[in-house]
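Worksheet: the structure to be examined is printed underneath.
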Amino acid sequence: MEHLNDIRAYADGHTAEELLLYVAGLFPGSVKFSSSLGQEDQVLTDMIARSGAGVQVFTLDTGRLFYETYELLDKTTARYRIPIDVYYPDASEVEALVRLRGINGFYESIDNRKACCAVRKVRPLERALEGAKVWITGIRSDQSANRQAMEIVEWDETRGLYKLNPLLRWSLSDVEAYVQDRYVPCNTLHDKGFVSIGCAPCTRATGPGEDPRAGRWWWETSQKECGLHGVK
């Protein structure tokens, strides 16, 4: 935690891209960025590629993603020519989950849904973050009530690393403007009303005025988190 205050002070007076370079310099070879290939994450991938920041980019393939998400992954690697590591859930854990709770058991209860997220997302994330000192995310504070309480840089006590959220104070309009100005490749589902995109069975388009996270696990009244970012 010795660098926490220094990083926070630097973040207050610098851009997101400058912050990425600063942190990558503090922890060379130990900074990892988890991309879900959403608009915010595509912005950060663009920044990392343009700046040459030494950040390892990875994504989680749950096995239930939209075809459009796989298509975007292909376009992104072709565009930026940087490696994006893909982490998958353990096959035996998926088999046990389906055997116990059913292929679509996540619709039946919040416990079932969280068990699915744990197998397909949370545990692969733990493997992906092995050896990291900094975990970068594309979280924005206005995405959910839980995220409004987060800071640009935090100490993740559970994982024993810094968690950096460079776009925390950005609005959706800021993200969209960056995407348009720099021709950042994005998921074509955004044009069909999908603001927040996760697994295909658990994501729907949202209508005008709806909360951006309303399309995720729409059948629940939970806090709309999968367990990656604090709410279990």
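Below are the figures for this structure:
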quantity: Of all residues making up the range 160-175, the number that are of a type in the set (D, E, K, R), open to solvent by 20 Å² or more (accessible area, probe 1.4 Å) and modelled with pLDDT of 95 or more; calculated: 1
quantity: Restricting the range 176-211 to residues that are assigned to a helix (DSSP H, G or I) and open to solvent by 50 Å² or more (accessible area, probe 1.4 Å), the residue that is nearest to Arg81 (Cα to Cα); calculated: Arg182
quantity: Evaluation of Val122 against (1) under 27 Å from Val94 (Cβ atoms); (2) in contact with a strand residue (DSSP E or B) (Cβ under 7 Å, 6 or more places away or on another chain) (one fails), failing number; calculated: (2)
quantity: Filter result (polar (S, T, N, Q) and more than 19 Å from Glu126 (Cβ to Cβ)) within the range 53-79; calculated: Thr69, Thr76, Thr77
quantity: Residue in the range 49-64 that is under 15 Å from the mean Cα position of the chain (by Cα) and farther than 15 Å from Thr137 by Cα present; calculated: yes
quantity: Pairs, first under 23 Å from Ala200 (Cα atoms) in the range 169-188, second basic (Lys, Arg), C-beta under 6 Å, six or more apart; calculated: Pro185/Lys75; Pro185/Arg79
quantity: Enumerated strands (runs of 3 or more DSSP E) restricted to the range 30-145, each holding at least 2 residues that are open to solvent by 10 Å² or more (accessible area, probe 1.4 Å) and modelled with pLDDT of 95 or more; calculated: 31-34, 56-60, 84-87
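The values are calculated or read from the model by the stated rules, or taken from the named source; none is laboratory data. Model, not experiment: these values are computed from the prediction. Neighbour counts are summed over all protein chains in view; Cβ atoms, including those assigned to glycine, are modelled from backbone coordinates with ideal geometry. The protein model used for the area step is the full one, side chains on, heavy atoms only, and it has no ligands, DNA or RNA in it. Shrake-Rupley method; radii C 1.70, N 1.55, O 1.52, S 1.80 Å.
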